[in-house]
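Have a look at the structure below, then the notes.
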Amino acid sequence: LSLCAVADVAVIDEQAIYDPSDGDDRLLVDLKGKMSEAELDWFRLRLVGGRLNKARRGELWRHAPSGYVWRDQLVLDPDDAVRAAVRVVFERFAIEPSIGAVVRWATTTGFKFPTRRTSDEHAEIEWRPLTSGRVAGLLHNPTYTGVYTYGRKPTRKILVDGEIRNRLVRLPLEDWPVRIEG
């Protein structure tokens with residue numbers, strides 16, 4: 001607006017033409033801009049609130065972990081091979097309680113782990129080599145203990161080397177916004 005005032009350029013919207021060098025017009029344009037900014041924040045807050053309410057009912061569809069699919073709710077995968085592969089990883093971890101040992105075993109035996117691109121039970125299953133990240137994800141996912149969760153790893157904005165970045169933060173169990181047993 002300052003540049004427009006110096007260059008003697010009018011600012012136009014659907015309702016009026018404003019002269020940024022006029023104090024009253026500049027105030028109106030500034031207020032409209034701030035209100036538009038606030039309105040975007042209100043939209044975002046309503047969307048976040050709606051997502052949280054849906055999660056509290058256990059109806060928020062997110063990517064289902066391996067061994068589960070979405071129907072009206074999160075249910076066990078109808079494919080026996082997928083369920084068996086998940087069970088094998090947990091059984092192997094009970095024998096050798098180390099992620100590295102489970103991955104070495106999977107590599108040695110040629111064990112492949114299922115992945116679906118979407119949570120749809122009809123989506124194609126890809127069988128990939130088991131990685132340490134995949135095993136850690138299985139072991140830390142509360143879904144496998146029969147708990148539906150939401151918000152356990154929110155993103156926070158942090159400053160890193162002068163840049164604003166998003167970081168995942170792991171909340172303690174008692175601070176999870178949604179935790180539904182069973």
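Between 134, 57, the distinction of being open to solvent by 70 Å² or more (accessible area, probe 1.4 Å), modelled with pLDDT under 95, of a type outside the set (Asp, Glu) and farther than 22 Å from residue 182 by Cβ belongs to 134 only. For region 168-182, the set of residues classified as surrounded by 13 or more Cβ atoms within 10 Å (Cβ to Cβ) and β-branched (Val, Ile, Thr) consists of 178, 180, listed by residue number. The test for being farther than 28 Å from residue 49 by Cβ, without any contact (Cβ under 8 Å) to a residue 40 or more places away in the chain and either open to solvent by 60 Å² or more (accessible area, probe 1.4 Å) or of a type in the set (Ser, Thr, Tyr) (or both) does not hold for residue 153. Is one or more of the residues making up region 114-122 over 18 Å from the mean Cα position of the chain (by Cα) and at pLDDT 90 or above? Within region 114-122, one or more residues are over 18 Å from the mean Cα position of the chain (by Cα) and at pLDDT 90 or above.
Considering region 85-125, and only residues there that are hydroxyl-bearing (Ser, Thr, Tyr) and in contact with a Leu (Cβ under 9 Å, 6 or more places away or on another chain), the residue that is least open to solvent (accessible area, probe 1.4 Å) turns out to be 119.
Looking across region 25-45, the residues that are in contact with a strand residue (DSSP E or B) (Cβ under 9 Å, 6 or more places away or on another chain) and either open to solvent by 100 Å² or more (accessible area, probe 1.4 Å) or of a type outside the set (D, E, K, R) (or both) come down to 28, 29.
The single condition from (1) open to solvent by 40 Å² or more (accessible area, probe 1.4 Å); (2) among the aromatic types (Phe, Trp, Tyr); (3) within 24 Å of the chain's Cα centre (by Cα) that residue 70 fails is (1).
For residues that are farther than 30 Å from residue 69 by Cβ, in contact with a Lys or Arg (Cβ under 9 Å, 6 or more places away or on another chain) and open to solvent by 70 Å² or more (accessible area, probe 1.4 Å), tally how many sit in region 156-167.
6
The values are calculated or read from the model by the stated rules, or taken from the named source; none is laboratory data. Quick caveat: nothing in here was measured; it's all calculated off a predicted structure. Heads up, the Cβs are rebuilt from the backbone with ideal geometry, glycines too, and the neighbour counts pull from every protein chain shown. Surface accessibility is based on the protein's heavy atoms, side chains included, excluding ligands, DNA and RNA. Shrake-Rupley method; radii C 1.70, N 1.55, O 1.52, S 1.80 Å.
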